[in-house]
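The values are calculated or read from the model by the stated rules, or taken from the named source; none is laboratory data. On a predicted model such as this, the values are computed, not experimentally measured, just so you know. Methodologically, a virtual Cβ is constructed for each residue, glycine included, from the backbone with ideal geometry; neighbour enumeration extends over all protein chains shown. SASA here: full protein model, heavy atoms, side chains in, ligands and nucleic acids out. Shrake-Rupley method; radii C 1.70, N 1.55, O 1.52, S 1.80 Å.
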Amino acid sequence: MTSRNARRNAVNNVMLSLTAVCAFLTVSTLFLILAYLVYNGGKSINPQFFTNLPVGQGETGGGIANAIVGSAEIVALASVFGLPVGFLAGVYLSEFSGKVLGFLIRYTADLLNGVPSIVIGIFAWALLVVPMHGYSTIAAGFALSLMLVPITARATEQFLQEVPRTMREGALALGASKWRSIATVIVPAARKGIMTGMILGVARISGETAPLLFTALGNQFWNSGLTQPTASLPVVIFNYATAPYEDWHRQAWAAGLVLLGLVLIANISARLIVSRGMSIPK
Amino acid sequence: MATPSAAIPATRKRPVAGQLSGADGVAWAVTLFFALLILAVTLALVIQLWNNSAPSREKSGFGFLTSSLWNPVTDQFGALPFIYGTVITAFLALLISVPLGVGAAIYLSELAPTKLSNALTFLVELLAAVPSVIFGLIAIFTLVPLMRSTIEPALKSALGFTPFFTGPAFGVGYLTAGLILSIMTFPYIISVSREALMSVPREQREAALALGATKWESTWDAVLPFARLGIMGSIFLALARALGETMAVTMVIGNDPAIHASLLSPGYTIAAVVANEFTEATGKVYLAALVELGLVLFVLTMIINGLAQLLIVVTTKKGSAKA
């Protein structure tokens with residue numbers, strides 16, 4: 001009996017330690033990634049990297065200025081298209097939707113959220129690139145907005161749902177109409193949560209590469225308008241990392257560090273808003 | 001779902017335009033329009049994939065899915081090597097990430113003090129936010145050389161008698177892609193499984209402990225079975241992500257459109273071939289074949305995702321029912 005208990009205790013200790021090992025192993029990959037990027041990217045970042053255009057194969061001293069601006073344009077377009085649509089759809093889901101239609105839209109949004117990004121790229125290509133006879137910033141922005149809409153909608157719905165019922169009833173009891181209570185009480189109460197969801201969504205799409213491959217394509221120079229192909233950070237990382245040139249590898253690391261830095265800063269600041277926010281009932 | 005209509009709070013009641021006064025009606029109509037846009041866009045996506053793959057579907061028919069010959073020069077397109085590569089890499093990824101992810105989730109929900117658990121979960125969620133191209137970048141320059149020089153030769157000498165670990169060590173291939181996918185998928189497994197484990201009622205644990213079970217026995221025999229649907233959901237979610245993952249895999253898969261038994265050999269996945277060949281595809285059928293590959297991938301991930309959502313919804317319902 002004692003030997004059996006000793007074995008049970010041993011199993012207990014071994015298995016519980018193993019779960020701890022799993023947890024720390026998984027978390028440590030984040031630090032490995034960060035360390036590699038900072039080490040390899042840090043030594044390649046210099047002022048010219050941010051201000052110069054790319055130079056030819058084999059030459060040194062090129063930069064990714066056009067890719068940074070291109071990415072900013074694409075993400076801005078995606079946010080302009082995607083955030084309002086997602087937000088209003090989220091308001092509908094939380095405040096107006098009936099059972100059947102609400103379920104249908106919610107389920108579709110989750111499915112759309114799960115569509116592989118490369119398939120989103122094919123869709124944007126078929127819908128915009130083919131009819132417009134060319135790759136463009138607009139097509140890329142549209143592709144990314146498709147990924148942003150379901151994220152924003154579901155986050156908006158979730159945080160609106162967390163607004164206490166007493167607040168809704170208070171507004172209605174004061175004689176406010178439904179839309180007035182939504183606009184002046186419910187949405188402001190959920191403001192911080194919704195903003196967090198939006199920032200996380202924008203951070204996620206700004207690192208997406210696959211949908212840009214055949215919408216934005218790429219460009220060695222400044223793009224000359226929203227209907228022209230444009231360079232972007234993720235695609236530059238992909239192209240430079242897979243090319244056989246030493247100087248391009250160096251720039252890929254630096255661009256990777258810039259991209260990951262931006263994404264992580266957005267993520268961390270968004271989560272800080274939540275944890276400080278008064279609007280989320282816990 | 002079985003809530004009787006009388007119990008639905010007034011704010012969730014289905015509005016009819018006539019019941020809402022002027023401005024409310026406008027707000028209802030505007031938000032409804034944008035919500036319906038989600039339906040419309042998803043429908044348009046399916047229609048576009050279907051229409052644009054027509055030349056390939058008409059030429060290859062069902063043989064598209066069963067042929068393993070991919071030769072753009074002679075206009076012969078078979079998707080089997082890509083489907084095989086997609087499934088194999090995703091399977092390898094889950095083989096690693098499921099035990100690791102569920103183990104970590106158990107630690108975070110059952111053992112770790114709340115503060116530590118929250119901090120670690122935050123870090124895991126940051127890992128999920130790392131763009132896929134960054135994983136690819138790091139894999140190309142660190143994992144691939146490591147696989148080529150150390151891991152793959154070691155696997156060959158230890159397990160070379162099986163067909164799965166033969167051939168030259170290129171560094172790129174199914175195994176490397178599977179490894180990088182496992183890192184990209186365990187954040188999903190951890191965060192969803194942790195939620196599922198945390199929604200298991202305390203009585204479940206206390207009852208097992210009161211009967212004399214050790215901490216591990218109570219976790220394994222009482223808590224895990226209770227949360228198994230949610231954990232299954234997290235695994236399906238991770239599977240869907242792994243199947244559709246593009247950039248990191250494209251950078252380490254080796255781009256060989258053939259079927260190999262050896263996990264060390266280069267292969268190809270659906271997403272990778274679309275990413276590599278789409279802008280270079282000349283000819284109507286070639287382009288359509290790539291769109292059809294996209295359609296196959298879409299259907300595959302939709303089925304898996306649908307299952308995942310269903311499982312997660314079921315367990316969340318169960319979890320919230322006690323509140």
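Some points to look at:
- Accessible area per residue in Å² at 1.4 Å probe, computed on chain A: 42 Å²
- The range A:2-44 - percent of accessible surface contributed by carbon and sulfur, probe 1.4 Å: 69 percent
- Karplus-derived HN-Hα couplings along the range A:220-230 (A = 6.51, B = -1.76, C = 1.60, θ = phi - 60°), whole Hz, x at Gly and Pro: 6, 10, 5, 6, 9, x, 6, 9, 10, x, 9
- List of the range B:206-236 residues, accessible area with partners at least 20 Å² below that of the chain alone (1.4 Å probe): B:THR214, B:LYS215, B:TRP216, B:GLU217
- Ratio Rg/Rh, restricted to the range A:2-44 and using Cα atoms, in which Rh is the Kirkwood radius: 1.45
- With R₀ set to 56 Å, the beta-carbon distance separating B:ALA40 from B:LEU159 gives a calculated FRET efficiency near 0.60.
- Amide hydrogen proximity for A:GLY62: with H placed 1.01 Å from N in the peptide plane, the residues at 5 or more positions away or on another chain lying under 5 Å are A:VAL55.
- Average partner coverage of A:101-113, which counts Cβ from other chains inside 10 Å: 5
- Surface composition of the range A:110-229: carbon and sulfur make up 64 percent of the accessible area, probe 1.4 Å.
- Inter-centroid distance (Cα atoms) of the range B:130-200 relative to the range A:41-87, Å: 30 Å
- For the range A:50-275, the fraction of C-alpha pairs farther apart than 25 angstrom is 48 percent.
- For the residues A:THR209, A:THR166, A:THR60, a GNM of chain A with alpha-carbon springs under 10 Å puts the largest fluctuation on A:THR166.
- For peptides A:101-112, B:226-237, sequence by mean Cβ density within 10 Å, most packed first: B:226-237, A:101-112
- Within 10 Å of each Cβ in B:246-256, the average number of Cβ atoms from other chains: 3
- What the phi angles of the range A:162-173 give under the Karplus curve with 6.51, -1.76 and 1.60, with θ = phi - 60°, is a coupling list of 7, 5, x, 5, 4, 5, 4, 5, x, 5, 5, 5 Hz, glycine and proline written as x.
- 1.4 Å probe, heavy atoms, protein only - residues of the range A:14-58 losing at least 40 Å² accessible area vs chain alone: A:MET15, A:LEU16, A:THR19, A:CYS22, A:ALA23, A:PHE24, A:THR26, A:VAL27, A:THR29, A:LEU30, A:ILE33, A:TYR36
- Using a simple spin-label model with pseudo-atoms 7 Å out from Cα toward Cβ, A:VAL38 and A:ALA6 lie 4.7 nm apart.
- Averaged over residues, the count of other Cβ atoms within 10 Å places the peptides A:85-98, A:186-199, B:155-168 in the sequence A:85-98, A:186-199, B:155-168, highest first.
- Using the Cβ-Cβ distance between A:ALA76 and A:SER177 with R0 set to 22 Å, the FRET efficiency works out to roughly 0.05.
- Distant-in-sequence amide contacts of B:GLN76, defined by a placed amide H-H separation under 5 Å and a gap of 5 or more residues or a different chain, comprise B:ASN71.
- For chain B, a Gaussian network of Cα nodes joined below 10 Å ranks B:GLY283, B:GLY103, B:GLY173 by mean-square fluctuation, and the top entry is B:GLY283.
- Each residue of the range A:195-204 is assigned a 3J(HN,Hα), and the resulting list reads 4, 4, x, 5, 5, 4, x, 5, 4, 5 Hz, derived from the Karplus form 6.51 cos²θ - 1.76 cosθ + 1.60 (θ = phi - 60°), x at Gly and Pro.
- Of the peptides B:64-74, B:41-51, the order by per-residue mean of other Cβ atoms within 10 Å, starting with the highest, comes out as B:41-51, B:64-74.
- Average beta carbon contacts from partner chains per residue of A:93-100, 10 Å cutoff: 6
- Averaged per residue, chain B has 43 square angstrom of accessible surface, using a 1.4 angstrom probe with ligands and nucleic acids left out.
- Scattering profile of chain B at q = 0.10, 0.12 Å⁻¹ [log10 I(q)/I(0), Debye over alpha-carbon scatterers]: -0.76, -0.99
- The gain in end-to-end length when the B:PHE122 to B:PHE62 segment is fully stretched comes to 17.0 nm, 0.36 nm per residue minus the alpha carbon separation.
- DSSP H segments from chain B that extend 30 Å or more along their own axis, Cα-based, with Kyte-Doolittle mean of -1.0 or above: B:22-52, B:80-106, B:174-198, B:284-321
- Cut-off 18 Å, label 7 Å out along Cα→Cβ of A:THR242, residues of the range B:239-269 by amide N: B:243-258, B:266-269
- Comparing A:VAL21, A:VAL119, A:VAL129 in a Gaussian network model of chain A, where Cα atoms under 10 Å apart are tied by springs, the biggest mean-square fluctuation is seen for A:VAL21.
- Over the protein assembly as shown: helical MRE at 222 nm, DSSP H runs n ≥ 4 each giving -39500 (n - 2.57), nearest 500: -22000 deg cm²/dmol
- FRET efficiency, 1/(1 + (r/R0)^6) with R0 35 Å, evaluated for B:VAL299 and A:GLN161 via beta carbons: 0.65
- Interface size A-B, as summed buried accessible area [1.4 Å probe, Å², nearest 100]: 7600 Å²
- The range A:216-254 versus the range B:65-123: alpha-carbon centroid distance in Å: 28 Å
- Accessible surface of chain B [probe 1.4 Å, protein heavy atoms]: carbon and sulfur percent: 68 percent
- Interface residues of the range A:201-241, defined as those with an accessible-area decrease of at least 10 Å² between the chain by itself and the complete set of protein chains (probe 1.4 Å), are A:ARG204, A:GLY207, A:THR209, A:ALA210, A:LEU213, A:PHE214, A:LEU217, A:ILE237, A:PHE238, A:ALA241.
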